[in-house]
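Since the structure comes first, as structure tokens, the remarks are kept for the end.
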Amino acid sequence: MAITKLNTYQPLTEQSAIVLAIRLRIFEDGTLLTCKEIGDGNLNLVFHVVESETGKGIIIKQALPYAKVVGESWPLTIERARIEAGALKLQRSFVGDLVPEVYYSDPALAITVMEDLSALTIARAGLIKGEKYPQLSQDIGTFLANTLYFTSDYALHPFKKKEYVKEFSNPELCKITEDLVFTDPFFNSETNEFEEELSQDVQKLWEDFTVKLEVAKLKKSFLTEGEALLHGDLHTGSIFVDQNQTKVIDPEFAFYGPIGFDIGQFIANLIFQAVSKPEEKDTILHHIQNTWNVFSTTFSKHWMESRDAYTKVNGYLEYVLEKSFQDSIGFAGCECIRRTIGLAHVEDLESIADQEQRIKAKRTCIALGKELIVKRKQIQSIEGLISLIQSHS
Ligand code: SR1
Ligand code: MG
């Protein structure tokens, strides 16, 4: 393909990704490059370009104009690539190496060229194999505290905050979450997918008006509370890890929303591990507890260092933390349910080969999800949340 043709949007191929890498002069002139498309997510193309002689690599991610998981019948804005590159750069300014470095981005081509993370493993895949990642909760707790605090009104000048709200307005991707997390799983919607054996559990859920009312309140919070710049899709498939490092990727769902959303999604995705792998339960529960503890301690530290008059008002920090905690639990409940019976499932549950065990694990996720949603305001501490999870798994 001619290099000049890369000026207008078209999906890259392994060949044209190499042409792009050459054009961007990321590698030495004349060097031999290889490329493989390695995307395994729901939405994008991901190319791994490697210099044969040195093994040095880059990742080129490109948004497709539709949702890959469904096909061309579900059109989706490529504007998300601009959001993702912008969020990666901003988050990196608050968390350093917990987020990959962006070398280049082009909103018209919907591409982000970034640091090669191919030596690391996607956390979900590693956890399913039984790998342990001792740093995971410390790093994610820090990521959450720094990104959420430093993009909030508690840290930013109000003009800057409103500039960011505009820059990260992300209606189409938010709509996916509004539908797939907060609406469809709680009604008889065509997008839902679940095994026949779960029909009765699902029917009971659809008839549970207490749950539905509480989910409506959580959805309202997601729709209206622009507290901080969220990652927006912080599940264990959006995190690369090894024994010593953690990298948060894929913030294409980033937008200004409620602080508890990212925390809740991460916790729920750990719950899938606790439920599907009894032998790893203690390790996973420790990660859930530590994530909250690191988040709340670090967030509080930033808060205390602030010079804003309101941050000195007695009880204000405690109010913000309590609200974020309760929201996190409710959002975790929604994620537990939507990943079990909604459109986008998780490998943690799907890979349980024994059918009886798989159904049992999914039933646990539905029951626990309901309880997290309904009881979120009665759970007083992270220890209380751990006990509740323990009583189900
Ligand atoms: C159509 S997209 C389905 C899911 O994949 C993404 O990772 C988000 O979690 C979204 O809900
Ligand atoms: Mg993603």
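The values are calculated or read from the model by the stated rules, or taken from the named source; none is laboratory data. Predicted model, so just to flag it, every value in this text is computed and none were measured. Backbone-built Cβ (ideal geometry, glycine too); neighbour counts: all protein chains shown. Just the protein is used for accessible areas: all its heavy atoms, side chains included, with ligands, DNA and RNA removed. Shrake-Rupley method; radii C 1.70, N 1.55, O 1.52, S 1.80 Å.
I'd like to check something: does segment 61-77 contain any residue that is buried (at least 18 other Cβ atoms within 10 Å of the Cβ), more than 15 Å from ligand 2 (Cβ to nearest atom) and at pLDDT 95 or above?
Scanning segment 61-77 turns up no residue that is buried (at least 18 other Cβ atoms within 10 Å of the Cβ), more than 15 Å from ligand 2 (Cβ to nearest atom) and at pLDDT 95 or above.
Search segment 233-246 for residues being open to solvent by less than 10 Å² (accessible area, probe 1.4 Å) and of a type outside the set (S, T, N, Q), and hand back the single one that is farthest from Phe295 (Cα to Cα).
Once the filter is applied, the top-ranked residue is Val241.
Quick check: anything in segment 220-227 more than 20 Å from Thr77 (Cβ to Cβ), assigned to a helix (DSSP H, G or I) and of a type in the set (Ser, Thr, Tyr)?
yes
Since Ile249 meets every condition but one in (1) out of contact with any His (no Cβ under 6 Å at 6 or more places or on another chain); (2) within 16 Å of ligand 1 (Cβ to nearest atom); (3) in contact (Cβ under 8 Å) with a residue 60 or more places away in the chain; (4) under 28 Å from Phe187 (Cβ atoms), which condition does it not meet?
(4)
Within segment 331-354, is even one residue open to solvent by 10 Å² or more (accessible area, probe 1.4 Å), among the polar types (S, T, N, Q), at pLDDT 95 or above and assigned to a helix (DSSP H, G or I)? Before you say what the answer is, go through the steps one by one.
First, the residues of segment 331-354 that are open to solvent by 10 Å² or more (accessible area, probe 1.4 Å): 338-339, 343-345, 347, 350-354.
With among the polar types (S, T, N, Q) added as a condition, the list becomes 351.
Restricting the remaining residues to those that are at pLDDT 95 or above gives 351.
Among the residues that remain, those that are also assigned to a helix (DSSP H, G or I) are: none.
No, because not a single residue in segment 331-354 is open to solvent by 10 Å² or more (accessible area, probe 1.4 Å), among the polar types (S, T, N, Q), at pLDDT 95 or above and assigned to a helix (DSSP H, G or I).
Could you list, in sequence order, the residues of segment 158-168 that are over 17 Å from the mean Cα position of the chain (by Cα) and not aliphatic (A, V, I, L, M)?
Pro158, Phe159, Lys160, Lys161, Lys162, Glu163, Tyr164, Lys166, Glu167
Assess whether Pro185 counts as being within 16 Å of ligand 1 (Cβ to nearest atom), in contact with a Lys or Arg (Cβ under 6 Å, 6 or more places away or on another chain) and either under 30 Å from Glu279 (Cα atoms) or not aliphatic (A, V, I, L, M) (or both). Quick ask: steps written out before the conclusion?
Working: within 16 Å of ligand 1 (Cβ to nearest atom): yes; in contact with a Lys or Arg (Cβ under 6 Å, 6 or more places away or on another chain): yes; either under 30 Å from Glu279 (Cα atoms) or not aliphatic (A, V, I, L, M) (or both): yes.
It is true that Pro185 is within 16 Å of ligand 1 (Cβ to nearest atom), in contact with a Lys or Arg (Cβ under 6 Å, 6 or more places away or on another chain) and either under 30 Å from Glu279 (Cα atoms) or not aliphatic (A, V, I, L, M) (or both).
Cβ-Cβ under 8 Å, sequence separation 6+ or interchain: first residue in segment 361-372 and of a type in the set (Asp, Glu), partner in a helix (DSSP H, G or I). Which pairs?
Note: pairs meeting the criteria are Glu371/Gly333; Glu371/Leu388; Glu371/His392.
Only one of Glu178, Glu193 is touching a residue at least 40 places away in the same chain (Cβ under 8 Å), open to solvent by 10 Å² or more (accessible area, probe 1.4 Å), within 13 Å of ligand 1 (Cβ to nearest atom) and outside any helix (DSSP H, G or I); which?
The match here is Glu193.
Suppose we keep only residues that are closer than 21 Å to Gly226 by Cα and assigned to a loop (DSSP other than H, G, I, E, B) within segment 129-157. Which one would you say is nearest to the chain's Cα centre (by Cα)?
Once the filter is applied, the top-ranked residue is Thr151.
Do you know which of the residues in segment 147-161 that are touching a helix residue (DSSP H, G or I) at 6+ places or on another chain (Cβ under 8 Å) and of a type in the set (Phe, Trp, Tyr) is surrounded by the most Cβ atoms within 10 Å (Cβ to Cβ)?
Filtering first and then ranking leaves Tyr149.
Of all residues in segment 339-365, count the ones that are within 16 Å of ligand 2 (Cβ to nearest atom) and more than 19 Å from Glu280 (Cα to Cα).
Qualifying residue count, segment 339-365: 5.
Could you tell me whether segment 15-37 includes any residue that is closer than 18 Å to Ile249 by Cβ and within 15 Å of ligand 2 (Cβ to nearest atom)?
no
Within segment 117-125, does at least one residue satisfy the condition of being crowded, with 16+ Cβ neighbours inside 10 Å and in contact with a Pro (Cβ under 9 Å, 6 or more places away or on another chain)?
Yes, because at least one residue in segment 117-125 is crowded, with 16+ Cβ neighbours inside 10 Å and in contact with a Pro (Cβ under 9 Å, 6 or more places away or on another chain).
Suppose the filter is under 22 Å from Gln378 (Cα atoms), surrounded by 24 or more Cβ atoms within 10 Å (Cβ to Cβ), in contact with a helix residue (DSSP H, G or I) (Cβ under 8 Å, 6 or more places away or on another chain) and modelled with pLDDT of 95 or more; does Ala268 pass it? Full working, then the answer.
On the way: under 22 Å from Gln378 (Cα atoms): yes; surrounded by 24 or more Cβ atoms within 10 Å (Cβ to Cβ): yes; in contact with a helix residue (DSSP H, G or I) (Cβ under 8 Å, 6 or more places away or on another chain): yes; modelled with pLDDT of 95 or more: yes.
Yes, satisfied.
Give Ser300, Ser306 a once-over and let me know the one that is touching a residue at least 40 places away in the same chain (Cβ under 8 Å) and either within 20 Å of Gly237 (Cβ to Cβ) or open to solvent by 10 Å² or more (accessible area, probe 1.4 Å) (or both).
Selected residue: Ser306, the only one of Ser300, Ser306 that is touching a residue at least 40 places away in the same chain (Cβ under 8 Å) and either within 20 Å of Gly237 (Cβ to Cβ) or open to solvent by 10 Å² or more (accessible area, probe 1.4 Å) (or both).
Here are the criteria: (1) within 18 Å of Leu98 (Cα to Cα); (2) of a type outside the set (Gly, Ala, Ser); (3) in contact with an Asp or Glu (Cβ under 9 Å, 6 or more places away or on another chain); (4) within 16 Å of ligand 1 (Cβ to nearest atom). Tell me which single one Phe240 does not satisfy.
Going through the list (1) within 18 Å of Leu98 (Cα to Cα); (2) of a type outside the set (Gly, Ala, Ser); (3) in contact with an Asp or Glu (Cβ under 9 Å, 6 or more places away or on another chain); (4) within 16 Å of ligand 1 (Cβ to nearest atom), Phe240 breaks only (3).
Just name the residue that is surrounded by the fewest Cβ atoms within 10 Å (Cβ to Cβ) out of those in segment 23-40 that are hydrophobic (A, V, I, L, M, F, W, C) and touching a Phe, Trp or Tyr at 6+ places or on another chain (Cβ under 9 Å).
Top of the filtered list is Ile38.
Pull out all pairs, ordered by first then second residue, where Cβ-Cβ is under 7 Å, the residues are six or more apart or on different chains, the first lies in segment 148-163 and is farther than 16 Å from Gln91 by Cβ, and the second is assigned to a loop (DSSP other than H, G, I, E, B).
Cβ pairs passing all conditions: Tyr154/Ser306; Tyr154/Asp308.
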